[in-house]
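**Q** Got a structure for you, questions after.
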Amino acid sequence: EDGKKKKEKESKSDKFFSFLMKCLETAGITFSSIAILGVAGIAYHKFYASHVLSKMNEAFENGDPAAQLAMHKKTHAIAGDLPEDAFWVDRPQQKLLDDIISGKKVGSYYLVVGEKGTGKTSLILEAMKKVGGENVTVFDAHADPEIFRIRLGASLNFTFNEDYIGSLFSIRGPRDTTALLDIERAFSKLEELAMLRVAKIHRPLVMIINNAHLIKENEEGIKLLELLQQKAESLSGSGLLTIIFNSDDYWVYEKLKKLGTRLEVVNVRDFNRAETISALKFIRHRYFPLPKDQLTNEHCHQVYDLIGGRPQHITHVARHADIIKACHEIIDREKTWFLNQCGLLGSDMDDDVMEEGKFSVSAMLLMKEFVDMDRERMNTLITHKVKSGHVTTKNHADYRDHHLPELPLWRSRQIMTRSDYIQQYDNLNIFTIDSDSRVRADSVPMMRAFHEICSQPNFKQLLDDSIQRVADVEALERTREIVAKDLNLGSNYQLSKDEVVYEVGIVKSQKHVELHGEFGDGIGDDDDDIDDEDDEELYMEDVDRRATRKWWKRRMAGFDMTYL
């Protein structure tokens, strides 16, 4: 019995020990699994962070991750017998942008500003091509912050942790956040990469934000621009990153100037006469390599006289067989665009479209001021002639460059009597505002359109009628009227109370007195005494499309013969 009891105790202790060992084994397995999972998670996290930096580093190596250079068609290598760089325009801004993008200039960020079509993007991509895209990334801005986020990620080769496996075990979604927070995260990773690369190559990274004016000027867009400027200020000051903003519109400069301490502005303007001739011959040879299709200096001067030195227009004209016709079409297109956006509605303007009427009147007032300034100084917009003996000859050496009339921004607002419309005109490429807050016509073709509109018969009357109609409608909204029934001009009402007699009558305004005289000046009150004349239609340009061709011939004459 004692043996049996002893065996039972031993069996119980063995079972307990076996149970305890199994528990320890299970605990060990569980702990080991958790430890391995933790180590694996930490290792994956470290690997993922390193992988993100490695992918982002590839965006700044030689290449073109955003495919911007591939879309840059301009090249110095041209076919034919023309030597390389023979007619290439060496613009003063090119050397500065070359130094910025190559990393020679450190400590600032830049705003490249100029009118649409002046060649800002071409200058930037040309400088980027010289370094082979190394250390540089570029992308186009967008009005939607979500699309801006995606384009920023594509240029940096950054996926915003959307491919992070750890998000599979998270209750929240892979991107339960906003676009601005994602952009902040992207710049945080970029800062880490910049510290590593700058330590090796001793040059800052360069980020180019193209078409920055496409960011909307609303609360969300201003927050985005402020975020970008904060990063530009801090990273440029530390020599890690140089950001280049490329914009067509003035409002971007206006916003950046408020907080900008390291901001530098690069102005890109139109070609002068000599640069236009060089560019025309260069582009013409690319599309028409035969000698018979080449342009003479005379043709190039005529093109510059008509449309100025806007690279966008020059490229368009050089591709056409009839370059003079192409110039006239550009001017006609600019005039049509302006009239479609700001055409006057006259005295019959409906009161429901008062805002459009004010918008048009303000634009026409500023346009008329520029035309008057240009006519007073007699700017040579077309062929300048000098007399040699008894023969009038063309001396292109005496030709001057285009200098469009301009006004300070504050004065332009005074003329328009509105301060809020000028930004919309800038967005519509009607007027432009430069970094010195000077306002002028957007281009030479637009200035020519201004002259032709002001040269229309009865234009001043149409403008005065529109101004008067706006004033009348505003007066009706501000005043209350008392209607006196059957009270004609020259008649009186007699009101009596307590033997006190009051007389009420109608008095002509000073304007009517000057036009028609007093009641007893022989001007009859009956409508039959006034000769009714058919109202003449007032137009801002000829309605018949064929009649617009008359301007083509007039534009080729002297300035005083064309518009005065």
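The values are calculated or read from the model by the stated rules, or taken from the named source; none is laboratory data. Keep in mind that this is a model prediction, so the values were computed, not measured. Please note: Cβ atoms are built from the backbone with ideal geometry, for glycine as well, and neighbour counts cover all protein chains shown. To get the accessible areas, we keep the full protein, side chains included, count just its heavy atoms, and leave off ligands, DNA and RNA. Shrake-Rupley method; radii C 1.70, N 1.55, O 1.52, S 1.80 Å.
**Q** Being under 24 Å from residue 217 (Cα atoms) and part of a loop (DSSP other than H, G, I, E, B) narrows it down to one residue among 418, 440; which is it?
**A** 418
**Q** Shifting gears a bit: Quick check: is even one residue across the stretch 240-253 open to solvent by 10 Å² or more (accessible area, probe 1.4 Å), in contact with a Lys or Arg (Cβ under 6 Å, 6 or more places away or on another chain) and of a type outside the set (Phe, Trp, Tyr)?
**A** Yes, the conditions are met somewhere in the stretch 240-253.
**Q** Is it true that residue 322 is open to solvent by 20 Å² or more (accessible area, probe 1.4 Å) and free of Cβ contacts under 8 Å to residues at least 24 places away in the same chain?
**A** So residue 322 fits the description; yes.
**Q** Please count how many residues of the stretch 167-179 are assigned to a helix (DSSP H, G or I) and either modelled with pLDDT of 90 or more or surrounded by 14 or more Cβ atoms within 10 Å (Cβ to Cβ) (or both).
**A** Summing the residues that are assigned to a helix (DSSP H, G or I) and either modelled with pLDDT of 90 or more or surrounded by 14 or more Cβ atoms within 10 Å (Cβ to Cβ) (or both) in the stretch 167-179 gives 2.
**Q** Also: Restricting to the stretch 180-226, give me the number of residues that are open to solvent by less than 10 Å² (accessible area, probe 1.4 Å) and within 13 Å of residue 146 (Cα to Cα). I'd like the intermediate steps shown before the answer.
**A** Applying the first criterion (open to solvent by less than 10 Å² (accessible area, probe 1.4 Å)) to the stretch 180-226 yields 182-183, 186-187, 190, 193-194, 204-209, 212, 215, 221, 224-225.
Subset that is within 13 Å of residue 146 (Cα to Cα): 182-183, 215, 221, 224.
Result for the stretch 180-226: 5.
**Q** While we're on this one: Among 261, 242, which is the only one that is polar (S, T, N, Q), in contact with a strand residue (DSSP E or B) (Cβ under 7 Å, 6 or more places away or on another chain) and not in a helix (DSSP H, G or I)?
**A** Matching residue, one of 261, 242: 242.
**Q** Another question about this same structure. Which one is surrounded by the most Cβ atoms within 10 Å (Cβ to Cβ) among residues in the stretch 135-150 that are charged (D, E, K, R) and closer than 12 Å to residue 214 by Cβ?
**A** Looking at the filtered set, the residue picked out is 140.
**Q** Inside the stretch 114-134, can you point out the residues that are in a helix (DSSP H, G or I), open to solvent by less than 20 Å² (accessible area, probe 1.4 Å) and closer than 23 Å to residue 276 by Cα? Spell out the reasoning first.
**A** Residues of the stretch 114-134 that are in a helix (DSSP H, G or I), as a first pass: 120-130.
Retained after the next criterion (residues that are open to solvent by less than 20 Å² (accessible area, probe 1.4 Å)): 120, 123-128.
Correct list: 120, 123, 124, 125, 126, 127.
**Q** Could you list, ordered by first residue, the pairs with Cβ atoms under 8 Å in which the first is in the stretch 153-166 and modelled with pLDDT under 75 and the second is of a type outside the set (Lys, Arg) and not in a helix (DSSP H, G or I), at least 6 apart or interchain?
**A** Hits for this filter: 161/174; 162/174; 164/174.
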